[in-house]
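Trainee: Encoded as structure tokens, here's the structure I'll be asking about.
Derivation of every value follows stated rules applied to the coordinates shown; laboratory data play no part. What you see is a predicted model, and the numbers here were worked out from it, not measured in a lab. Quick reminder, even Gly has a Cβ in these numbers, built from the backbone with ideal geometry, and neighbours come from all protein chains shown.
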């Protein structure tokens, strides 16, 4: 059975991605990144999601991006916007976050001799983040194949982004079919310590609209 | 004056790279990565090098790659080879290390609105590391330009690898011309806490041979 490294934030998208990787027959090693995010309950949710999915291993790695600042998700002096989704790249964007996360997953994949990394990026409801586009994922994969020794022998490393062209509703429908328990996932940018969602940040708005469009009852615990 | 982010390990190559970046007129923000490396004196050397070079800022960011293992530099149960340089990729290779370091530099560069990242990789005396080749650096640069928001407005982010085609002797000659104080740099893979070099690991051998070939007196403090 092939091994995959799956990035898991504890949110809806990555939980669905993990279910897809398992459904495709991969033995999953799950990686969560504690990058100093404001929403600490996300990491607790990641542990719960990994446990309920039955993974082969779960690592939480620390890399404190708050030393760089520049994002409402890592700098507590910047408020999370709650006025509704606006055009352009929002202040919740964390510079180079997906590149850092994929790089860490790449390191673990090489040690595990895995050729497959899964990430739950999504270009449809992506809030304008540049590192959620298909062309970015393709470029990362190309770079990764030059970066590591295990691909020197002719293997190809694959970055799987199975959600990239799906709407939030389609993601939820897929996850429901794969029996993902969304009640344990936390998407809110500023959830309480116990995982209660604010309901008004961009991530909450996208998530709530997704459940409505999917015609699935929303299990999110709101404040 | 343009701003650059410079990766600085505390070794000879990155100290020279910092001097080159300053010589080219950049205001330098220096980033060191504590990835759980065996050689802790390297990070102390990085602080000294940054201070003596007169940089605008220095961050040491922690990301504990020892949780993944797979390298003699992060896993203390694997011995550092001391028998001489052999063909192939050595056990001192840290999976995806340069990709992780460049990703962190990319994050800071975006926050600082810098379009220039310097890294001291070298393809000549590179000990067989795949992520020290020119084609890798080009692929990272291409990916980086798709990853971040500051390049969306038409700016181009550049990854500078000024040492990539230089021999160790040429690097040392360049550094001497730029008045780099190599006595504070530490290259040894298993230096003592006070920075004394073993003299027999691959990195010590490359460094010693470089000083000899450059006809420069070797300031390294050996055990």
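Trainee: Identify, by number, the condition in (1) without any contact (Cβ under 8 Å) to a residue 40 or more places away in the chain; (2) facing chain A (nearest Cβ under 10 Å); (3) buried (at least 16 other Cβ atoms within 10 Å of the Cβ) that residue B:135 doesn't meet.
Mentor: Condition not satisfied by residue B:135: (3).
Trainee: Tell me, which helices (runs of 4 or more DSSP H) lie completely within the stretch A:9-115 with 3 or more residues that are over 14 Å from the mean Cα position of the chain (by Cα) and farther than 21 Å from residue A:205 by Cα?
Mentor: Those helices (runs of 4 or more DSSP H) span A:41-53, A:97-112.
Trainee: Before we move on, is residue B:219 without any contact (Cβ under 8 Å) to a residue 40 or more places away in the chain and either under 24 Å from residue B:54 (Cβ atoms) or part of a helix (DSSP H, G or I) (or both)?
Mentor: Details: without any contact (Cβ under 8 Å) to a residue 40 or more places away in the chain: yes; either under 24 Å from residue B:54 (Cβ atoms) or part of a helix (DSSP H, G or I) (or both): yes.
Against the criterion (without any contact (Cβ under 8 Å) to a residue 40 or more places away in the chain and either under 24 Å from residue B:54 (Cβ atoms) or part of a helix (DSSP H, G or I) (or both)), residue B:219 qualifies.
Trainee: Output the residues belonging to the stretch A:23-35 that are crowded, with 20+ Cβ neighbours inside 10 Å and within 14 Å of chain B (Cβ to nearest Cβ). Spell out the reasoning first.
Mentor: Going residue by residue through the stretch A:23-35, those that are crowded, with 20+ Cβ neighbours inside 10 Å are A:26, A:28-33, A:35.
Answer for the stretch A:23-35, where residues must be crowded, with 20+ Cβ neighbours inside 10 Å and within 14 Å of chain B (Cβ to nearest Cβ): A:29, A:30, A:31, A:32, A:33, A:35.
Trainee: Another question about this same structure. Where residues in the stretch A:116-132 are more than 8 Å from chain B (Cβ to nearest Cβ) and not in a loop (DSSP other than H, G, I, E, B), which of them is nearest to residue A:86 (Cα to Cα)?
Mentor: The qualifying residue nearest to residue A:86 (Cα to Cα) is A:132.
Trainee: Contact list please: Cβ distance under 6 Å, first residue in the stretch B:62-79 and more than 10 Å from chain A (Cβ to nearest Cβ) and touching a residue at least 40 places away in the same chain (Cβ under 8 Å), second residue surrounded by fewer than 18 Cβ atoms within 10 Å (Cβ to Cβ) and in a loop (DSSP other than H, G, I, E, B), pairs at least six apart or on different chains.
Mentor: B:72/B:78; B:72/B:91
Trainee: Let me ask another. So, residue B:149, is that one more than 19 Å from the chain's Cα centre (by Cα) and farther than 23 Å from residue B:44 by Cα or not?
Mentor: Taking the combined requirement at face value, the residue satisfies it.
Trainee: Something else now. Can you tell me which residue is surrounded by the most Cβ atoms within 10 Å (Cβ to Cβ) among those in the stretch B:80-94 that are in contact (Cβ under 8 Å) with a residue 40 or more places away in the chain and within 14 Å of chain A (Cβ to nearest Cβ)?
Mentor: Going through the qualifying residues, I end up with B:94.
Trainee: What is the number of the single condition among (1) more than 14 Å from chain B (Cβ to nearest Cβ); (2) in a loop (DSSP other than H, G, I, E, B); (3) touching a residue at least 40 places away in the same chain (Cβ under 8 Å); (4) surrounded by 18 or more Cβ atoms within 10 Å (Cβ to Cβ) that residue A:165 does not meet?
Mentor: (4) is the only condition that residue A:165 fails.
Trainee: Can you tell me which residue is nearest to the other protein chains (Cβ to nearest Cβ) among those in the stretch B:36-58 that are crowded, with 16+ Cβ neighbours inside 10 Å and closer than 17 Å to residue A:68 by Cα?
Mentor: It comes out as B:58.
Trainee: Sticking with this structure for a sec: Which one is farthest from residue A:52 (Cα to Cα) among residues in the stretch A:178-202 that are in contact with a helix residue (DSSP H, G or I) (Cβ under 9 Å, 6 or more places away or on another chain) and assigned to a helix (DSSP H, G or I)?
Mentor: The qualifying residue farthest from residue A:52 (Cα to Cα) is A:182.
Trainee: If you go through the stretch A:138-159 one residue at a time, how many are part of a helix (DSSP H, G or I) and over 17 Å from residue B:102 (Cβ atoms)?
Mentor: Pass one, the stretch A:138-159, residues part of a helix (DSSP H, G or I): A:138-147.
So of that shortlist, the ones also over 17 Å from residue B:102 (Cβ atoms) come out as A:138.
Summing the residues that are part of a helix (DSSP H, G or I) and over 17 Å from residue B:102 (Cβ atoms) in the stretch A:138-159 gives 1.
Trainee: Report the residue count in the stretch A:103-113 for those that are crowded, with 23+ Cβ neighbours inside 10 Å and more than 7 Å from every other protein chain (Cβ to nearest Cβ).
Mentor: Final tally of qualifying residues: 2.
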